[in-house]
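What follows is a single structure, and I will ask about it in a moment.
Please treat every number below as a calculation from the coordinates, not as lab data. Please read all numbers here as calculations on a predicted model, not as lab measurements. All Cβ positions, glycine included, derive from the backbone under ideal geometry; neighbour counts span all protein chains shown.
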Amino acid sequence: MLFKNIGENVQDYRVPVATDRLQALKNIASQDPVHIDEFLPTSTMDLCATYLEEYEARQQEAPLMTEMPFFGEFIFLRDRLREHVQQQRSPSIGLLHPPIGATTLFKEQFVAATGISVEEADASLRANGFDPLAADGDGADDVD
């Protein structure tokens, strides 16, 4: 919703990905009914989209901000949502409950699809300095 191409002088940090591995993971993820990137109900996302359209309609020509991209959009959206809540407008704004057990489910589906044991995959990840139970790599299980 907020993606914009911000220009030519932006550092590209993409790295090549093995397409066969990526496709295998996408196939597993497509079978999972939990969408870990969704954290807002559809009604709240629709409301945010409406407010952002209002913001864009008010802009003449938005200045290119490379140090703080989308700052104006963020402030506008924050203020509009705060006003929405204070005036008790409908629909009410909320968050979805975080998915519980997503890491375990994904591992089980991965094993079923690839035949690689969870212990083998975890050992390989740890050998490369990544804690498979930590979403942010700090050793805490943020997902389950």
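How much net charge surrounds LEU52 when only the other residues with a Cβ under 10 Å from the Cβ of LEU52 are counted, with Lys and Arg +1 and Asp and Glu -1?
-3
Further, regarding this structure: Please work out how much length the chain gains when fully extended from GLU56 to SER117, using 0.36 nm per residue of separation minus the C-alpha to C-alpha distance, in nm with one decimal.
Length gained between GLU56 and SER117: 17.0 nm.
Placing one identical point scatterer on every Cα of region 38-98 and ignoring solvent, what is log10 I(q)/I(0) from the Debye formula at q = 0.12, 0.30 Å⁻¹?
After summing over all Cα pairs, the log10 values are -0.34, -1.28.
Expressed in nm to one decimal, what extension gain is obtained for the pair GLN87 and GLN11 from 0.36 nm per residue of sequence separation less their Cα-Cα distance?
Net length gain for the segment: 23.1 nm.
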